[in-house]
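Please treat every number below as a calculation from the coordinates, not as lab data. Note that the coordinates shown come from a computational prediction; the quantities given were computed from them, not determined experimentally. We place every Cβ from the backbone using ideal geometry, glycine too, and count neighbours over all the protein chains shown.
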Amino acid sequence: MSMINPGRPVAIIDGKSIAAKMRTRLAARVAEMTTKLGLRPCLAVFLVGDDPASTTYVRNKTKAAEAAGIRTIDVSSSALIVEADLVAHIRAANLDPTIHGILVQLPLPKHIDSKTIIEAIDPAKDVDGLHPLNVGRLAAGRRTFVPCTPQGCMVLLQNTGQTLHGARALVIGRSTLVGRPIAQLLLNQNCTVTIAHSKTQNLPTEIQRADIVIAAIGRPQFVRGNWLKPGATVIDVGINRVAGADGKDRIVGDVAFDEARAVAGAITPVPGGVGPMTIACLLENTFTAALQQTNIRSFY
Ligand code: NAP
């Protein structure tokens with residue numbers, strides 16, 4: 001069975017509008033939860049240092065959470081904080097019943113081991129899905145907190161109407177944050193999954209075979225249009241800052257969009273594709289964490 005339809009016009013997958021709908025739906029559920037159960041989900045956001053990109057990401061996340069009715073607690077600390085103190089702050093949040101979700105903004109300063117920090121988070125509050133217990137549950141095909149960007153990619157794929165069962169999917173990138181969990185999620189949906197990375201031989205040939213291409217590389221416009229199978233669905237996770245012709249910085253993905261849109265069946269733009277989905281999925285995970293911790297199953 002063919003998984004693609006080369007004859008159809010390209011669909012631009014509008015992550016911005018899909019994420020906005022998710023957030024509106026979620027806000028209604030949060031409002032209902034707060035009114036009926038007196039329960040307001042709460043997300044504690046840990047930011048270490050004052051890296052401008054991390055500060056912006058955290059601001060966007062807390063703004064979106066508050067707009068959806070989710071309370072946020074800002075746990076900012078100096079870049080000089082020692083690892084043991086950060087662990088102690090996380091353990092305090094683990095024990096606080098009014099906090100349902102914990103997010104540690106990465107990357108952390110070099111003197112702090114991010115694995116130690118992530119392992120300090122209570123897996124029941126690990127709304128980023130990075131604790132080894134949740135990573136293992138995902139690998140075992142069990143219900144768990146799924147990392148937000150990979151989950152967002154799956155929602156986008158499902159919105160295309162693309163048949164996942166039996167489709168050939170190529171994930172380019174094998175990071176624990178993006179590539180690996182996406183591969184796992186695709187496998188759980190019965191895709192035939194290949195994972196490519198920097199040592200992969202002849203990447204264009206691998207891409208040519210794929211009905212679905214997920215690019216999570218971190219290299220601007222790396223995947224060329226003529227490498228794609230006609231009609232393929234392309235999810236571009238990359239966020240790369242490059243200098244535009246006008247001298248101003250602009251954001252581009254890992255896929256050469258203008259070339260790829262001439263060949264693909266469906267494709268995400270950058271910005272406006274995967275990016276907005278990450279926050280929407282984080283908010284959904286926080287809502288789920290609040291429900292699970294209060295164990296009110298009738299509300300599911
Ligand atoms: P990462 O940890 O640097 O991983 C990049 C992956 O790409 C690695 O597995 C690497 O292979 C692979 N790679 C590098 N060069 C390659 C090449 N020439 N051919 C094939 N594979 C190659 O990055 P990440 O955290 O996964 O992020 C990937 C991209 O997604 C970045 O642009 C990041 O900004 C973006 N991102 C976006 C969101 C969002 O919300 N939209 C969220 C997270 C990340 P090796 O393992 O062999 O080194």
- Query: Which is the longest run of the chain containing none of the trypsin sites (Lys or Arg not before Pro) found in DSSP loop states (not H, G, I, E, B) with at most 15 other C-beta atoms within 10 Å?
  - Reply: 1-109
- Step through the residues of segment 88-102 one at a time and calculate ³J(HN,Hα) from phi using the Karplus curve (6.51 cos²θ - 1.76 cosθ + 1.60, θ = phi - 60°), rounding each to whole Hz and writing x for Gly and Pro. 5, 5, 5, 4, 5, 5, 4, 8, 7, x, 8, 9, 9, x, 10
- Message: I need the calculated FRET efficiency for the pair Ser76 and Arg143, taking r as the beta carbon distance and R₀ as 22 Å, to the nearest 0.05.
- Response: 0.10
- Note on the structure: Pseudo-spin-label distance Lys21 to Ala84, built 7 Å along Cα→Cβ, given in nm, is 5.2
- Message: Taking amide H atoms as placed 1.01 Å from N in the peptide plane, list the residues 5 or more away in sequence, or in a different chain, whose amide H sits under 5 Å from that of Gly49.
- Response: Ser77, Ser78, Ala79
- Task: Work out from phi, with θ = phi - 60° and the Karplus expression 6.51 cos²θ - 1.76 cosθ + 1.60, the ³J(HN,Hα) of each residue of segment 104-109, listed in order in whole Hz, and give x for Gly and Pro.
- Result: 10, 5, 9, x, 9, x
- Task: Kindly give the semi-axes, whole Å and largest first, of the ellipsoid equivalent to the chain, taking each as the square root of 5 times a Cα gyration tensor eigenvalue.
- Result: 33, 22, 19
- Query: Roughly how many whole Å is it from the C-alpha centroid of segment 21-78 to that of segment 104-141?
  - Reply: 19
- In order through segment 56-73: 3J(HN,Hα) via Karplus (6.51 cos²θ - 1.76 cosθ + 1.60), integer Hz, x for Gly, Pro: 5, 4, 5, 4, 5, 5, 5, 4, 5, 5, 4, 5, 8, x, 8, 6, 10, 10
- Note on the structure: Stretched fully, the stretch from Asp113 through Thr200 gains (0.36 nm per residue minus C-alpha distance, one decimal, in nm) 28.4 nm
- Taking the chain and a Cβ-Cβ threshold of 4.7 Å, the cysteines left without a partner are Cys42, Cys153, Cys191
- Computed over segment 67-212, Kirkwood Rh from alpha-carbon pairs, angstrom: 17.2
- Query: With charges set only on the Cβ (+1 for Lys and Arg, -1 for Asp and Glu), what does the dipole of the chain come to about its Cα centre, in debye to the nearest 20?
  - Reply: 720
